[in-house]
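Student: Shown below is the structure under consideration.
The values are calculated or read from the model by the stated rules, or taken from the named source; none is laboratory data. On a predicted model such as this, the values are computed, not experimentally measured, just so you know. Accessible surface areas use protein heavy atoms only, side chains included; no ligands, DNA or RNA. Shrake-Rupley method; radii C 1.70, N 1.55, O 1.52, S 1.80 Å.
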Amino acid sequence: MRKVTFGGANSFDNYFARKDHSVDWLLWADELNAVMKAFWKTIDTVVMGRKTYEVALRMSGGNLPAHPGVKSYIFSRTLKQKPGSGVEIISEDAAEFVRRLKTQKGKDICVMGGGVLAKSLFEADLIDEIGFNIHPVLLGSGIPIFYEMNHQIDLELLDCKTFKNGCVMVTYKVKPRGEKRKKSSTPKSSRNAKAASKARRTSR
């Protein structure tokens, strides 16, 4: 089954962009360029919401950046304009559509930006991996990555890279819902304190 990955560049306080969607705070790095080149080779499908699509159009001058062999699906019930080559507007439920995509033959699937879209896919247990290029900046406000969800999402660290510009690239596997979490071991000092407390109670 195809893997669905959600991620992007974010501030340390978990925003994708400022409230006006500007990303003037983003830092570039040669190390990141190498990581992204390798990532694009693993996918052939991008899914995004209407707001992310419209921002991408504005930033690119009216044409969604083309990646050879990659098909983009935009989820919207209001968009009417005909998209360019390799782009398709989808008006049906995003979770059901992505669920079908996962079962089809092909490379992996990328959820581009869009915390609202990601929320629906997380709640449907369709996202398999997340990866973020965390920037050393606190924006204070902006477009959030994560929204309130209907259940807890447990993660397993797969990789962590530090870049010379101060950014940190992290990749996590999304654990299947219901998978037992490892219990953290109790520090020896804590165990000794508990034993001493029990001894005091029994000696009274």
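Student: Just by accessible area at a 1.4 angstrom probe, what is the order of Tyr147, Tyr15, Tyr53 from largest to smallest?
Tutor: Heavy-atom accessible area, descending, gives Tyr147, Tyr15, Tyr53.
Student: Over segment 1-144, with every protein chain in place, what whole percent of the accessible area is carbon and sulfur at 1.4 Å, could you tell me?
Tutor: 55 percent
Student: Separate question: Can you give me the solvent accessible area of Cys110 with a 1.4 Å probe, rounded to the nearest 10 Å²?
Tutor: Answer for Cys110: close to 10 Å² accessible.
Student: Heavy atoms of the protein only, probe of 1.4 Å, neighbouring chains included. What is the accessible area of Lys37 in Å², nearest 10?
Tutor: Counting only protein heavy atoms, Lys37 exposes about 130 Å² to solvent.
Student: While we're on this one: At 0.36 nm per residue, and after removing the present C-alpha to C-alpha distance, how many nm does the segment from Trp25 to Ser76 gain when stretched out fully?
Tutor: Full-extension gain reported as 15.5 nm.
Student: Follow-up question, since we're still on this one. State which entries of Lys105/Lys175; Lys71/Lys164; Lys19/Lys175; Lys80/Lys173; Lys37/Lys119; Lys41/Lys173 exceed 29 angstrom in Cα-Cα distance in the structure shown.
Tutor: Lys71/Lys164; Lys19/Lys175; Lys80/Lys173, as the Cα separations exceed 29 Å there.
Student: Might you tell me the accessible area per residue for segment 1-121, computed with a 1.4 Å probe and given in Å²?
Tutor: Result: 57 Å² per residue.
Student: Shape verdict for segment 101-179, please, from the Cα gyration tensor: rounded (a/c under 1.5), prolate (a/b greater than b/c) or oblate.
Tutor: Judged from the Cα gyration tensor, segment 101-179 comes out prolate (a/c at least 1.5, a/b above b/c).
Student: Beyond 24 Å, how much of the Cα-Cα pair distribution for segment 1-155 remains, as a whole percent?
Tutor: Distances greater than 24 Å cover 33 percent of the Cα pairs.
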